[in-house]
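> Structure incoming, see below.
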Amino acid sequence: MHAEATVERQALPARAPSVRQLEVHEAEKWDAFVAECRDATFFHRIGWREIIEDVFGHRCYYLVAECEGSWSGVLPLAVVRSRLFGHALVSLPFAVYGGPAANDSESAHALVVAAGELARTLNVDHLEIRNTRTQCPDWPRQDLYVTFRRQIFGDVDANMLAIPRKQRAMVRKGIKNGLAVEIDSSVDRFFALYADNVHRHGTPPFPRRYFARLQQVFGEACEIQTIVDSHGRPISGVLSFYFRDEVLPYYAGDIDSARDLAANDFKYWPLMRRACERGIRVFDYVRSKRGTGAFDFKKNWGFEPTPLSYEYQLFKSDRVPEHNPLNPKYAAFIALWRRLPRPLVNALGPAIIRNLG
């Protein structure tokens, strides 16, 4: 356990920043800061607070750092309380990135220290900060996760040629099989594909209303792309986020036969192509766990993994929590879950996954 955070220091502000909680009327100011802050991600947007509280019932605490009257950093946090998995203060549950988004290291440090004080006040088991890079080098960390990001070239053909040969052949196979892409205004088709996919993998699904809220809250920054076969039947889909000059394919789903039609590779090509045509310059394949099929899939697309620094301040344990499907103690649960009927897992799943964060 460590009482304070140690943050790599850069240029410091003239005076030490103060930290307070966000006020109700400051939502637009928060998003304006996030839009301009280099360290901010899509998951720092204020809309996540509404979704986390309304859909999952978790209490949020959004912290603001100020220096000489101006905002210098923000840190979104939410409390996940679970009898099964313990109590945690997390930045940010259901997100792959989090942590302080700040203009300088002093503000980032102040936000992390304030988060630790809040965690003690709330009497949680641990504080978890999902950083894109190391913030607190003396804290315990989890090195399981990596992210995959790559430049999108300004020319469509250049992006096709940048796909490694084997995966490019799969994209062309999908084209030859008559696959087409449709943009959906409803989550219905996507949710059916997503629920089918997570059931086969033995993991609980999010509720349908979660995806509906993502569309409602983030509008055009949340896009659902459905792949249909030559008969117009939906076989694969991806829900993506847009943030500044980045596109993030975040949730995906498919039916079992999608693999034979090369839909799983094909679906990312029209997303990349359309992003290129819109002037988007970064394709963020987001998080995967080492040693998984998703990790290998993204590597095969020519993306290099970059480690994520998930850091923990532990209060009631001396071990970093491992609430993920790779933990051997969940193997029996996963095997059982796969055998349960789909309507049952869709009904029970949301109550479980809300506690995982």
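The values are calculated or read from the model by the stated rules, or taken from the named source; none is laboratory data. All values derive from a computational prediction rather than experimental measurement. Because the Cβ atoms are built from the backbone with ideal geometry, glycine has one as well, and the counts that use them run over all protein chains shown. Note: accessible area is taken over every heavy atom of the protein model, side chains too, but ligands, DNA and RNA are not part of it. Shrake-Rupley method; radii C 1.70, N 1.55, O 1.52, S 1.80 Å.
> What 222 nm value per residue comes from the helices of the chain, counting each DSSP H run with n ≥ 4 as -39,500 (n - 2.57) and dividing by all residues, nearest 500 deg cm²/dmol?
Using -39500 (n - 2.57) per qualifying helix, the result is -10500 deg cm²/dmol.
> Once the other residues with Cβ under 11 Å from the Cβ of S82 are scored (Lys, Arg +1; Asp, Glu -1), what is the net sum?
Counting the neighbours of S82, the net charge comes to +2.
> Work from the charge dipole of region 146-296 (Cβ charges, +1 for Lys and Arg, -1 for Asp and Glu, about the Cα centre) and give the residue of P164, I183, Q216 farthest towards its positive end.
Farthest towards the positive end: P164.
> Now a separate question. Please work out how much accessible surface K289 shows to a 1.4 Å probe, ignoring ligands, DNA and RNA, in Å² rounded to 10.
50
> Stokes-Einstein at 10 °C, 1.306 mPa s, Kirkwood radius from Cα pairs: D for region 235-310 in µm² s⁻¹?
The estimated diffusion coefficient comes to 118 µm²/s.
> Just going by the charge dipole of region 226-357, with Lys and Arg at +1 and Asp and Glu at -1 on Cβ, which of N355, Y310, G253 is farthest out on the positive end?
N355
> Would you check the accessible area of E68, probe 1.4 Å, heavy atoms only, in square angstrom rounded to 10?
Roll a 1.4 Å probe over it and E68 shows about 120 Å².
> Could you state how much accessible area S18 has, in square angstrom rounded to the nearest 10, with a 1.4 Å probe and all protein chains kept in place?
70
> For the chain, take the longest principal axis of its alpha carbons; what is the angle in degrees between that and the long axis of helix 27-36, to the nearest 10 within 0 to 90?
Taking Cα atoms only, the helix is inclined about 70 degrees.
> Still on this structure, please answer the following. Viscosity 0.890 mPa s, temperature 25 °C: Stokes-Einstein D of region 86-230 from its Kirkwood Cα radius, in µm² per second?
Roughly 126 µm²/s, to the nearest whole number.
> Relative to the longest principal axis of the chain, what angle (0 to 90°, nearest 10) does the C-alpha long axis of helix 47-56 take?
80
> Which entries of K29/K267; K173/K299; K176/K298 have Cα-Cα distances beyond 29 Å here?
K29/K267
> Further question on the same structure: Taking the Cα centre of the chain as the origin, how large is its charge dipole in debye, to the nearest 20, when only Lys and Arg (+1) and Asp and Glu (-1) carry charge on their Cβ atoms?
1440
> Could you please report the charge total around R15, scoring K, R as +1 and D, E as -1 over all other residues with beta-carbon less than 12 angstrom from its beta-carbon?
Net charge in that neighbourhood comes out at -4.
> Angle, helix 188-201 long axis vs. longest principal axis of the chain, Cα atoms, 0 to 90°, nearest 10?
80
> Which whole-angstrom value gives the distance between the alpha carbon centres of region 196-254 and region 255-322?
With region 196-254 and region 255-322 each reduced to a Cα centre, they are spaced 14 Å.
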